[in-house]
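J.: What follows is a structure written as structure tokens; I'll ask about it next.
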Amino acid sequence: MSGAKASRLSATAIPAPLLIGAVFVTLMFACAAAPGLLAPYDPVAFDYSALLKPPSFAHPFGADNFGRDILSRTIYATRIDCQIAFFSTLAPLVIGSLVGLAAGYFGGWLDILLGRVIDLVLTFPFLVIVIAIVAVLGPGLVNMYVAVSIVGWVFYARLMRGEVLVQKQLDYVGAARVLGFGSARILFRHILPNAARPLLVYWVTDMALKILLGSSLGYLGLGAQPPEAEWGVLIADGKNFFTQAWWMTFFPGAAIVVAGLGFSLVGDGLADALDVKR
Amino acid sequence: MSLAPILSVKDLDVVFATPRGPLQAIDGVTLDVRPGEILGLVGESGSGKSVTLRAILRLLRGNAKIGGQIVFRGEHLILATERRMQQLRGASIGMIFQEPMTALNPVLTIGMQIEETLAAHGLREAKARRSRAIELLHQVGIPSPQDRLGGYPHEFSGGMRQRAMIAIALAASPSLLLADEPTTALDVTIQDQILKLLKRLTTELGMAMILVTHDLGVVAETCDRVSVMYAGRVAETAPVDVLFAAPRHAYTHALLRSAPGGGAPRAMLTPIAGQPPQLQAPAQGCAFAPRCEYSEARCLEGRPPMFALGPDQASACHARDRLPPWRAS
């Protein structure tokens with residue numbers, strides 16, 4: 001059995017985009033897991049002999065207006081951006097899946113109610129409504145997670161609902177009912193695993209979007225707060241010195257691009273590998 | 001054959017509320033099944049065979065209204081609570097489907113699906129579940145069952161999947177098995193194997209079975225008794241050899257005559273003229289009368305009642321005694 005499984009996996013070559021994405025994401029996780037091992041300097045230590053130093057061997061990404069090493073700050077920032085990718089998608093994934101499951105399976109007034117709520121939330125542009133909620137709750141990472149979750153679950157719910165509507169028509173669901181299984185068992189053990197693939201793909205892609213969103217809000221001063229190192233915050237710090245010290249904005253920006261690209265490539269690769277149509 | 005019926009359906013009505021008005025899918029169906037017996041339910045598409053099965057398990061959608069009586073081992077299923085039905089489904093009444101490709105959950109192994117059914121119906125011990133699962137796969141003729149338990153449905157061929165589905169349906173030892181065209185999606189050799197398997201299982205386990213099919217060959221090979229359905233009604237019920245030798249309903253007669261192989265080699269087939277009736281407007285009289293060669297005035301005026309013709313035989317046809325022998329032989 002395990003032998004058959006292994007051969008099946010090795011028989012399918014891993015496509016290049018998925019591989020590249022996986023390398024980027026792994027690099028990001030490594031930075032997030034052990035920034036202390038990878039970063040050459042303390043990310044918050046001032047060094048007045050290195051003020052606005054351009055990239056060199058001592059400071060490969062240069063130094064900022066307090067002489068802090070940009071490479072170290074970018075590496076430490078990965079930790080927060082990984083957090084953003086995870087925490088701002090986790091609640092939407094869980095809540096959206098549950099709501100979508102219930103609405104798709106039970107239908108009726110529950111489905112109608114959910115449809116209206118989704119329409120209502122979708123009426124507002126995503127960024128605008130998130131910024132409005134953060135403005136009410138006050139800036140900061142936790143409030144940003146809350147704001148993103150309040151809005152973000154509708155996308156997962158809509159996706160899950162559609163998938164459940166397809167799955168529940170299939171014979172195996174009817175067969176499960178014929179075997180005398182209750183709704184909870186049918187929903188979670190039979191429909192959920194079969195409906196999860198598109199959600200999984202969307203989840204990974206959504207992480208890329210949420211890193212961009214987190215950086216944007218950080219840049220605007222609504223997400224992570226200085227002196228916390230976060231890519232968006234780093235770029236915001238660097239924008240005043242843009243003409244003298246391009247490296248202050250360039251390298252954190254590049255990190256955002258690499259992270260976003262990594263998650264997108266993994267998402268697309270998974271979509272192909274799992275045969276999910278989008 | 002004089003055992004008390006395990007399931008008796010009396011005057012079953014199923015009406016679907018549709019946007020275009022009520023649709024009478026089942027109109028006064030009456031049938032009995034006894035332990036160890038295979039009852040065939042034949043009829044063309046839309047005659048209400050599958051709806052009858054689903055009504056017995058109360059698996060019809062919310063827009064269906066059920067009337068009449070369904071008595072399973074002394075219990076009125078139409079009055080039973082949904083909770084009670086859940087207990088009965090799988091445990092006492094099993095069902096197998098037409099498409100073994102889609103009726104198995106693609107993400108669970110065959111073993112998991114069998115064991116889940118066993119667990120849901122009260123077999124607590126994991127070891128006992130496993131050995132029972134192996135026994136079941138063996139029983140339905142799957143070779144080296146220990147190794148196949150870990151296999152996913154896509155690793156099984158069509159015939160093997162149907163066997164696996166039968167194993168799942170049999171897991172909790174139901175006393176009644178409903179089979180909804182179990183061999184339609186299979187090729188002929190596999191079809192024959194599956195039918196033999198089902199026949200053997202009903203004998204071995206003393207289980208009753210209702211076999212829905214539109215294939216008269218399947219009926220002739222497998223069933224003990226047959227009920228012929230037309231437009232949501234039972235036209236005729238008879239032991240299988242009696243029915244094939246001398247049908248006593250004009251519809252059965254026309255149906256047998258239209259089957260290939262009924263006449264001389266290379267002869268043209270004899271179709272039944274006309275179309276089945278619209279179920280939105282149930283016929284006043286016999287539903288088959290407009291297409292019937294033997295119809296008379298009274299056939300159109302009122303519904304012919306079921307005339308008992310023998311211990312196991314009944315027909316709702318005024319022309320039952322005027323039908324010519326259907327085969328020249």
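The values are calculated or read from the model by the stated rules, or taken from the named source; none is laboratory data. None of the values given here were measured: they were computed from a predicted structure. Heads up, the Cβs are rebuilt from the backbone with ideal geometry, glycines too, and the neighbour counts pull from every protein chain shown.
J.: Does B:Ser131 meet the test of being among the small types (Gly, Ala, Ser), at positive phi, over 25 Å from the mean Cα position of the chain (by Cα) and more than 12 Å from every other protein chain (Cβ to nearest Cβ)?
T.: No; evaluated as a whole, the condition is false for this residue.
J.: Of the numbered conditions (1) modelled with pLDDT of 90 or more; (2) more than 8 Å from chain A (Cβ to nearest Cβ); (3) touching a strand residue (DSSP E or B) at 6+ places or on another chain (Cβ under 7 Å); (4) within 21 Å of A:Gly107 (Cβ to Cβ), B:Arg54 satisfies every one except a single condition; which is it?
T.: Result: B:Arg54 fails condition (3) only.
J.: For A:Leu217, state whether it is surrounded by 23 or more Cβ atoms within 10 Å (Cβ to Cβ) and assigned to a helix (DSSP H, G or I).
T.: yes
J.: Only one of these is hydroxyl-bearing (Ser, Thr, Tyr) and either within 10 Å of chain B (Cβ to nearest Cβ) or under 30 Å from B:Leu104 (Cβ atoms) (or both): A:Tyr145, A:Tyr172. Name it.
T.: A:Tyr172
J.: If we keep just the residues of the range B:94-118 that are more than 7 Å from every other protein chain (Cβ to nearest Cβ) and modelled with pLDDT under 90, which is surrounded by the most Cβ atoms within 10 Å (Cβ to Cβ)?
T.: B:Pro100
J.: Would you point out the residue of the range B:265-307, among those that are touching a residue at least 40 places away in the same chain (Cβ under 8 Å) and of a type in the set (A, V, I, L, M, F, W, C), that is nearest to B:Thr18 (Cα to Cα)?
T.: Taking the candidates together, the pick is B:Leu279.
J.: Sticking with this structure for a sec: Tally the residues that are surrounded by fewer than 21 Cβ atoms within 10 Å (Cβ to Cβ), within 19 Å of A:Leu274 (Cβ to Cβ) and touching a residue at least 24 places away in the same chain (Cβ under 8 Å), restricting the search to the range A:171-195.
T.: 2
J.: Hey, can you tell me all the residues within the range A:92-144 that are surrounded by 12 or more Cβ atoms within 10 Å (Cβ to Cβ), among the aromatic types (Phe, Trp, Tyr) and part of a helix (DSSP H, G or I)?
T.: Hits for the range A:92-144 are A:Tyr105, A:Phe106, A:Phe126.
J.: On to the next question. Could you grab the pairs with beta carbons closer than 7 Å, sequence gap of 6+ or different chains, first residue in the range A:253-278 and without any contact (Cβ under 8 Å) to a residue 40 or more places away in the chain, second one not aromatic (Phe, Trp, Tyr)?
T.: Filtered contacts from the range A:253-278: A:Gly253/A:Ile235.
J.: Only one of A:Ile75, A:Ile14 is among the β-branched types (Val, Ile, Thr), assigned to a loop (DSSP other than H, G, I, E, B) and in contact with a helix residue (DSSP H, G or I) (Cβ under 9 Å, 6 or more places away or on another chain); which?
T.: Within the list A:Ile75, A:Ile14, the selection yields A:Ile14.
J.: How many residues are surrounded by fewer than 18 Cβ atoms within 10 Å (Cβ to Cβ) and not polar (S, T, N, Q) when one looks only at the range A:229-252?
T.: Final tally of qualifying residues: 5.
J.: Filter the range B:138-197 down to residues that are part of a helix (DSSP H, G or I), within 12 Å of chain A (Cβ to nearest Cβ) and hydroxyl-bearing (Ser, Thr, Tyr), then give me how many there are.
T.: 0
J.: What number goes with the only condition from (1) surrounded by fewer than 22 Cβ atoms within 10 Å (Cβ to Cβ); (2) within 11 Å of another protein chain (Cβ to nearest Cβ) that B:Leu123 does not pass?
T.: For B:Leu123, the failing item is (2).
J.: Using the structure shown, decide if B:Gly217 is farther than 25 Å from B:Val9 by Cβ, surrounded by 12 or more Cβ atoms within 10 Å (Cβ to Cβ) and in the same structural domain as B:Ala17 (by TED's automatic domain parsing).
T.: The answer is yes for B:Gly217.
J.: Does B:Gly90 satisfy the condition of being in contact (Cβ under 8 Å) with a residue 12 or more places away in the chain, within 12 Å of chain A (Cβ to nearest Cβ), surrounded by 19 or more Cβ atoms within 10 Å (Cβ to Cβ) and not in a loop (DSSP other than H, G, I, E, B)?
T.: For B:Gly90, the condition - in contact (Cβ under 8 Å) with a residue 12 or more places away in the chain, within 12 Å of chain A (Cβ to nearest Cβ), surrounded by 19 or more Cβ atoms within 10 Å (Cβ to Cβ) and not in a loop (DSSP other than H, G, I, E, B) - is met.
J.: Just checking, does the range B:232-241 include any residue being surrounded by fewer than 21 Cβ atoms within 10 Å (Cβ to Cβ) and out of contact with any helix residue (DSSP H, G or I) (no Cβ under 9 Å at 6 or more places or on another chain)?
T.: Checked against the condition, which is being surrounded by fewer than 21 Cβ atoms within 10 Å (Cβ to Cβ) and out of contact with any helix residue (DSSP H, G or I) (no Cβ under 9 Å at 6 or more places or on another chain), the range B:232-241 yields at least one hit.
J.: Okay, next question. Please go through (1) part of a helix (DSSP H, G or I); (2) buried (at least 22 other Cβ atoms within 10 Å of the Cβ); (3) away from chain B (no Cβ under 12 Å) for A:Gly223 and return the number of the only condition it doesn't satisfy.
T.: The failed condition is (1).
J.: Here's something else I'd like to know. Taking the stated definitions as given, is A:Val164 under 17 Å from B:Val107 (Cα atoms), in a helix (DSSP H, G or I) and more than 14 Å from every other protein chain (Cβ to nearest Cβ)?
T.: yes
J.: Name the residue, out of A:Arg197, A:Arg177, A:Arg185, that is within 30 Å of A:Thr78 (Cα to Cα) and within 14 Å of chain B (Cβ to nearest Cβ).
T.: A:Arg197
J.: Can you tell me which of (1) in a strand (DSSP E or B); (2) surrounded by 21 or more Cβ atoms within 10 Å (Cβ to Cβ) is the one B:Lys10 doesn't meet?
T.: (2)
J.: A follow-up question, please. Going through B:Gly46, B:Gly62 one at a time, which residue ends up being out of contact with any helix residue (DSSP H, G or I) (no Cβ under 8 Å at 6 or more places or on another chain), within 14 Å of chain A (Cβ to nearest Cβ), part of a loop (DSSP other than H, G, I, E, B) and of a type in the set (Gly, Ala, Ser)?
T.: None of the other options fit; the residue is B:Gly62.
J.: Moving on. For B:Val212, indicate whether it is farther than 30 Å from B:Pro143 by Cβ and not in a helix (DSSP H, G or I).
T.: No, not satisfied.
J.: Residues being of a type in the set (Asp, Glu) and over 20 Å from B:Arg248 (Cα atoms): count how many of those fall in the range B:204-220.
T.: Of the residues in that region, 1 qualify.
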